[in-house]
Amino acid sequence: MKYLKFGSIVVAFLFVLSSCKSNDSNESTDNFDRGAMLANWADNIIIPAYTSFDSKVNDLKTKTNEFTSNPTEGKLQDLRNSWEAAYVSFQNVSMFEIGKAEELRFRNRLNVYPTDVPQIEGFISSGTYNFDLPSTIDAQGFPALDYMINGLGENDTEILSFYTSNANATGYKNYLQKLSETISSQTDEVLTSWTAGYRDVFVANTASSALGAVDKFTNAYIFYYEKALRAGKVGIPAGVYSNGVLPQNVEAFYKKDISKELLMQALDATQNFFNGKKFGGSANGPSYKTYLDYLNTIKNGEDLSVLINNQFDAARAKINTLKPNFVEQIATDNSKMLETFDELQRNVVLMKVDMVQALNIAIDYVDADGD
């Protein structure tokens with residue numbers, strides 16, 4: 001896409017320009033304790049967030065089994081509530097695409113949207129599907145569950161009929177169970193990896209190189225913010241990369257009224273991580289913020305960490321102007337979606353250019369037209 005190619009040139013230009021500045025950065029020696037930061041990330045944020053998500057996912061599997069065993073409107077609503085709680089919780093771990101999560105392509109397995117309805121219906125009809133295949137990522141995860149519990153019909157009676165009176169009700173129930181079981185098994189695998197040894201490997205990998213944990217994670221973190229949060233949740237459905245708006249690409253399209261909640265949770269989680277805030281708590285530990293402050297990183301006369309936090313807050317203020325239902329927001333006033341995208345974009349520059357330069361980290365991914 002022309003937009004992305006232009007954006008890549010702009011980012012590259014800003015990086016070069018920023019590199020040429022001599023009066024905005026302190027040349028202090030970097031003896032920052034990366035190990036302490038990695039330990040805070042692993043012990044106080046990543047593992048607790050996965051543990052919390054795992055509990056939500058287990059409840060989702062339980063509610064799915066209860067519904068498929070006895071499909072009723074009450075159990076359908078219980079399943080929806082559990083799905084929403086797990087989906088919101090997922091926003092706290094989606095950025096951690098490193099280690100086992102990277103190996104499993106965890107984020108893609110759980111949250112590629114829009115979901116492929118014809119493929120789902122084909123799988124249900126045939127009874128044959130393999131979720132390990134990359135070609136099936138848009139027929140599984142939370143978006144597929146969204147379709148199965150919110151999108152099969154215009155009302156609860158119609159949706160329930162697919163699980164009760166439909167000629168292939170067993171196929172629909174089996175597919176629903178497979179979706180929940182796969183989310184659960186994938187999550188268990190990632191969490192177990194962290195608690196059974198990867199945590200120590202991660203924390204010990206303090207090298208300042210492309211293979212160091214800080215460098216690798218920083219690439220994953222900024223990629224997530226730029227591609228999954230900024231572009232996926234806002235830019236693509238708002239039509240930033242296309243000739244028109246794409247409301248069908250909204251996250252949680254069939255539920256419709258939680259797109260804003262998912263975006264806000266993702267933004268909060270991303271900012272909390274930047275500040276090293278303990279998951280579920282208020283204490284802050286070693287983090288990108290303290291690292292930048294340690295290096296006395298100044299941009300235009302202000303602390304870079306302050307500028308980044310201010311930009312998170314500016315984006316949050318724009319998100320607060322949006323309707324809960326992004327399909328409705330796009331239809332009635334897409335300009336607010338575009339303004340939100342612009343505020344999110346400003347932090348891409350601050351983190352992808354200024355922060356990584358200060359931390360002496362190279363971005364190893366390339367902007368692609370498939371964004």
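The values are calculated or read from the model by the stated rules, or taken from the named source; none is laboratory data. Remember, predicted model here, so these are calculated numbers, not experimental data. Every residue, glycine as well, gets a Cβ built from its backbone with ideal geometry; the counts of neighbours run over all protein chains shown. The accessibility values were calculated without ligands, DNA or RNA, using every heavy atom of the protein model including side chains. Shrake-Rupley method; radii C 1.70, N 1.55, O 1.52, S 1.80 Å.
Here are a few things to note about the model shown:
- Under Karplus coefficients 6.51, -1.76 and 1.60, residue-wise ³J(HN,Hα) of segment 242-250 in Hz, glycine/proline x: 9, 7, x, 6, 10, x, 5, 9, 5
- Carbon/sulfur fraction of accessible area - the chain, other protein chains in place, 1.4 Å, %: 52 percent
- Debye intensity ratio I(q)/I(0), log10, the chain, q values 0.14, 0.15 Å⁻¹ (C-alpha model): -1.22, -1.37
- Ranked packing of 215-222, 91-98, most packed first, by mean Cβ within 10 Å: 91-98, 215-222
- At R0 = 51 Å, FRET efficiency that the Cβ-Cβ distance of GLN177 and ASN296 yields, to 0.05: 0.40
- Value of [θ]222 nm, deg cm²/dmol, for the chain, DSSP H segments ≥ 4, -39500 (n - 2.57) each, nearest 500: -18000 deg cm²/dmol
- The distance between label points at GLN119 and GLN248 comes to 1.5 nm (points 7 Å beyond Cα on the Cα→Cβ vector).
- Taking amide hydrogens as placed 1.01 Å from N in the peptide plane, the amide H of LYS277 sits under 5 Å from those of GLY285, each at least 5 positions away in sequence or on another chain.
- Alpha-carbon geometry of segment 207-370: the Rg and the Dmax are 16.4, 50 Å, given in that order.
- The spacing between segment 115-146 and segment 198-268, judged by their C-alpha centroids, is 22 Å.
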